[in-house]
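Worksheet: the structure to be examined is printed underneath.
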Amino acid sequence: MSTAGASKVPGFCGLCIARCGCIATVENGRFTRLDPDPTHPTGQALCAKGRAAPELVYSKERLTRPLRRTRPKGEADPGWVEISWDEALDTTAAAMRRLAAAHGPQSVAFSQSSPSTTAIADTAPFVRRLMNAFGTPNLVWALDMCGWGRGFATRYAFGVASVATGSGGGAMADIANSGCLILWGYNPSYTRLTHATATIEALKRGMKLIVIDPRHVGLAGKADLWLRPRPGTDGALALGLAHLMITRGWYDSDFVREWTNAPHLVRSDTGRLLRAVDLAESGDAGHLVAWDATTRCPVAYDPATGRYGVPAGRLALHGE
C-alpha cells in the first residue's frame, strides 16, 4: 500500500526470535517508522526495540563496511581502516584455509549471539551450512545468557525441549488452548510480546495464570496466584512441587516407567543406585536394578539396550 511519497510494507521484525508481524513505512526511499500489524498472527504489538528499528538502521554508529585492524591488540587506538567486502571475505577465507591446512578444520570454532534476543536468528542456518561445508562441528553460542539452558535440559531429560526454544527442539506455547498457564521467571511483556498478548486474550476467556517471580512485573499484576520466591530458591520450590506431585500421583506413571529412571532402586545405606553386582558377585556392574511388582523379585536394567528383563508395566514405582 502506498500514498503520495510513502509506502507501507508488511513484514516481520527480525530483531529477536519472536518475529512480530509489522508494517514498515518508507517515505521517499527512507525507512521512517515500524508499527504492529494486527492482521498478522504475531503482530498485536511491538516492543521498544522493534519501534526503534529506523534509529538502528540510520544510526551514525552502525557499521556498514568491513573494518581491518592495523595496530596490535591492546593498543588504545586499534587503527581501524575501512576495506571492501571482497577483501574482507578473501582475508577471512585465506585465514580459515591456513588453519585447516595446519591443524584441521576442527581447530576452527564459529561463534554466534543468541538467536532469541538478536537479529542473528534468520542467519543462523546459513552459518551452520558454512560450518558443515568447512568441516567443523564447533559452535560457541551465548545460550547460557538466554532461556535455552532449560530448553536443552528438558530435551535431554524427557525428549522434548521446553516451549518456545525453536531449533532447540521445543514447541510454541499453546496459550490459546491452555486452562492454566505458569510463567516461571519469564516476563513476556518485555521479552516476547506475542506470548503477552496471547496471555491477555486467554485471561479474558477464563484461563488461570500463575506467575513465579521475585518481582511484581509484567503479568504478575493480572495473575490469579503470584509466588514470590527469594532469588536462588527456585530449585527448592520446584522440588517441593515435584514431591507433591509424586506423593499425590499427579504424573503419568506409564511414561515414568518407560522413559525415566524412577523404577531404579536406591540403596538406603549409601543413597546410590543399586547395581546387579551389589546383589550377587556374578552380577553385571553396569546393570542397574528395578523391582518386579508381579513376581516380587529384583530385575536388571541394561543401559546399553535401555531394556529391563520384564515389561516396563510390571515395575514398581513405590515401596522400600
Quiz item: Restricting attention to region 209-258, and to residues there that are acidic (Asp, Glu), out of contact with any helix residue (DSSP H, G or I) (no Cβ under 8 Å at 6 or more places or on another chain) and free of Cβ contacts under 8 Å to residues at least 40 places away in the same chain, which single residue is nearest to residue 178 (Cα to Cα)?
Solution: 224
Quiz item: Which residues, counting only those in region 281-295, are surrounded by 12 or more Cβ atoms within 10 Å (Cβ to Cβ) and over 14 Å from residue 315 (Cα atoms)?
Solution: 283, 284, 286, 287
Quiz item: Do you know which of the residues in region 256-280 that are part of a helix (DSSP H, G or I) and either open to solvent by 90 Å² or more (accessible area, probe 1.4 Å) or among the aromatic types (Phe, Trp, Tyr) (or both) is farthest from residue 159 (Cα to Cα)?
Solution: 279
Quiz item: Can you tell me which residue in region 108-121 is nearest to residue 17 (Cα to Cα), limited to those that are of a type outside the set (A, V, I, L, M) and surrounded by 12 or more Cβ atoms within 10 Å (Cβ to Cβ)?
Solution: 116
Self-check item: Yes/no for residue 83 being over 27 Å from the mean Cα position of the chain (by Cα) and open to solvent by less than 50 Å² (accessible area, probe 1.4 Å)
Solution: yes
Quiz prompt | Any pair with Cβ under 6 angstrom, 6 or more apart, that starts in region 186-201 at a residue that is farther than 11 Å from residue 176 by Cβ and open to solvent by 20 Å² or more (accessible area, probe 1.4 Å) and ends at one that is hydrophobic (A, V, I, L, M, F, W, C) and assigned to a helix (DSSP H, G or I) | solution = 189/196
Self-check item: Single condition residue 160 does not satisfy, out of (1) assigned to a loop (DSSP other than H, G, I, E, B); (2) at pLDDT 70 or above; (3) under 21 Å from residue 237 (Cβ atoms)
Solution: (3)
Practice problem: Please find, within region 303-319, the residue that is farthest from residue 256 (Cα to Cα) out of those that are out of contact with any Pro (no Cβ under 9 Å at 6 or more places or on another chain) and open to solvent by less than 40 Å² (accessible area, probe 1.4 Å). | Solution: 310
Quiz item: Of everything in region 203-215 that's under 24 Å from the mean Cα position of the chain (by Cα) and not aliphatic (A, V, I, L, M), which residue is most open to solvent (accessible area, probe 1.4 Å)?
Solution: 215
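Yes/no per residue for (1) acidic (Asp, Glu); (2) surrounded by 11 or more Cβ atoms within 10 Å (Cβ to Cβ); (3) at negative phi:
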residue	(1), (2), (3)
39	no, no, yes
51	no, yes, yes
71	no, yes, yes
74	no, no, no
102	no, no, yes
Quiz item: Within region 221-231, is there a residue that is open to solvent by less than 70 Å² (accessible area, probe 1.4 Å), of a type in the set (Gly, Ala, Ser) and within 30 Å of residue 198 (Cβ to Cβ)?
Solution: yes
Practice problem: May I ask you to list the residues in region 262-320 that are under 34 Å from the mean Cα position of the chain (by Cα) and of a type in the set (Asp, Glu)? | Solution: 302
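The values are calculated or read from the model by the stated rules, or taken from the named source; none is laboratory data. In this text the structure is predicted, and so the values were computed from the model without any measurement. Glycine also receives a Cβ, built like all others from the backbone with ideal geometry; neighbour counts cover every protein chain displayed. Heads up: the accessible areas ignore ligands, DNA and RNA and are worked out on the full protein's heavy atoms, side chains in. Shrake-Rupley method; radii C 1.70, N 1.55, O 1.52, S 1.80 Å.
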